[in-house]
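Read the structure below first, then the notes.
The values are calculated or read from the model by the stated rules, or taken from the named source; none is laboratory data. Note that this is a predicted model, so its numbers are computed, not measured. Every residue, glycine among them, receives a Cβ derived from its backbone with ideal geometry; neighbour counts consider all protein chains shown. Areas reflect the complete protein model, heavy atoms only, side chains present, ligands, DNA and RNA absent. Shrake-Rupley method; radii C 1.70, N 1.55, O 1.52, S 1.80 Å.
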Amino acid sequence: MQSNNGFFGKYGGSFVPETLIPVLEQVAFAFEELKKDSLFNSQFEELLLRFAGRPTPITYAEGLSEECGCDIYLKREDLLHTGAHKINNTLGQCLLAKHMGKKRIIAETGAGQHGVATAAACAKLGLKCEIYMGKLDMERQRPNVERMRLLGAEVISVNEGAGTLKDAVNFALRDFVANVETTHYVIGSVVGPHPYPEMVAYFQKVIGEEARDFFKNDLPDTVVACVGGGSNAIGIFQAFLDTDVSLIAVEAGGKSDKMGEHARTIGLGDDGILHGSFTKVLSDKYGQILPVHSISAGLDYPGIGPQHAFLFESGRVFYGYVNDSQAVYAFKKLSEKEGIIPALESSHAIGWVLENKDKLAGQKVLINLSGRGDKDMESVREYL
Ligand SMILES: *Cc1c(COP(=O)(O)O)cnc(C)c1O
């Protein structure tokens, strides 16, 4: 879906310091041009095909279907290079940067998954890569720090604030302003100022296109995806927005409804500004962004893409949630029944289907399996 100058209804926009406006306009202009450029699009397709491993299959989940009394299909983004859908976007943005003549890429990462996907795309395309990461996150995510370094990226430790994602974003934005001539900032989800939400959605739309092509005229009744920032959900949903397929986004319910113990931005959040975008956020009564929690690092974000805020308000997408224990249950269930270890993020989408099987009886259900769960063995062991 195209935004109206960066707005989806009242959400979106570009709420950034003056100094960032010219560079965002430059990125928006390049994106508009390259979207129409057949060379750019064929190079992007080639990268998805020969490097990332697209198209991804759709697997009929026999055991899970039997258990739930509905027909469950899985869109296998877990089979992509680097283990999740994130590579679609990082390849797209790094290729865009290259076409813009930029030689240096920066990104910020929390759990490290976006950092690894960015580092891999940069290595493939011959771009210099620097990743900002909170000091605390670097300690918690050692293996991903090592992966990024092995892929040739420099990982810069951010010691300010709590040493987590929010602080790393601030550093990346500062760097972007100071080095616009040479640098492109790769944001990892459909969040941030215009044109990022629309641009990331464009690079992720292949997920839904492949799914729609697979089902042809016999569409699923329901499509389910987890939401952190919202890119895998937008990626699959956008191909079904013009149909009457019911679309379910699943937020991280965490430990409880208590402040700081969940990441239910749509369910429990308010309108506010985060990372340059007017959207739904988890904030206190003074508008300060609250801490969030989820067992899955990729859903642990106090905001959501502005298009989701709009899709919620318009009623087109239903936003549910699944808590940590239901996600861990789904993680084990899919592993046992289907021989697939899902990412803890994706386990939220599976968990929602398990929880709502009565409502889904007899339906054809498509779940976006956004990533693989090998990375999550330690978190699950700790949880249990
Ligand atoms: C990062 C991540 C997510 C959450 O990001 P979205 O932008 O909401 O898709 C979901 N699943 C996996 C496997 C991830 O790595």
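Points worth noting:
- In region 261-278, residue nearest to residue 13 (Cα to Cα) [restricted to those that are under 16 Å from the mean Cα position of the chain (by Cα) and not in a strand (DSSP E or B)]: 275
- Scanning region 214-259 for residues that are within 15 Å of the ligand (Cβ to nearest atom) and assigned to a loop (DSSP other than H, G, I, E, B) yields 227, 228, 229, 230, 238.
- Candidates 346, 325, 335: the one that is polar (S, T, N, Q), open to solvent by less than 10 Å² (accessible area, probe 1.4 Å) and either at pLDDT 95 or above or in a helix (DSSP H, G or I) (or both) is 346.
- Set 66, 77, 62: member being among the charged types (D, E, K, R), at pLDDT 95 or above and open to solvent by less than 30 Å² (accessible area, probe 1.4 Å): 77
- Selection status of residue 190, open to solvent by less than 10 Å² (accessible area, probe 1.4 Å), modelled with pLDDT of 95 or more, of a type in the set (Val, Ile, Thr) and over 17 Å from residue 289 (Cα atoms): yes
- Inter-residue pairs, beta-carbon under 7 Å, first in contact (Cβ under 8 Å) with a residue 40 or more places away in the chain and within 15 Å of residue 272 (Cβ to Cβ) and in region 298-317, second aromatic (Phe, Trp, Tyr) and open to solvent by 10 Å² or more (accessible area, probe 1.4 Å), 6+ apart: 306/278; 312/319
- Screening region 113-140 for residues that are free of Cβ contacts under 8 Å to residues at least 60 places away in the same chain and open to solvent by 50 Å² or more (accessible area, probe 1.4 Å) and picking the one that is nearest to residue 83 (Cα to Cα) gives 123.
- Tabulated pairs, region 150-162, first on the phi > 0 side of the Ramachandran plot, second open to solvent by 50 Å² or more (accessible area, probe 1.4 Å) and of a type outside the set (A, V, I, L, M), C-beta under 9 angstrom, 6+ apart or interchain: 152/128; 161/170
- Of the criteria (1) on the phi > 0 side of the Ramachandran plot; (2) open to solvent by less than 20 Å² (accessible area, probe 1.4 Å), which one residue 249 fails: (1)
- Criterion violated by residue 238 - all others in (1) closer than 21 Å to residue 80 by Cβ; (2) touching a Ser or Thr at 6+ places or on another chain (Cβ under 9 Å) satisfied: (2)
- Taking the criterion of being surrounded by 21 or more Cβ atoms within 10 Å (Cβ to Cβ), more than 15 Å from the ligand (Cβ to nearest atom) and at positive phi, the only residue of region 275-316 that qualifies is 276.
- The one condition in (1) touching an Asp or Glu at 6+ places or on another chain (Cβ under 7 Å); (2) hydroxyl-bearing (Ser, Thr, Tyr); (3) touching a residue at least 60 places away in the same chain (Cβ under 8 Å) that residue 283 fails to fulfil: (3)
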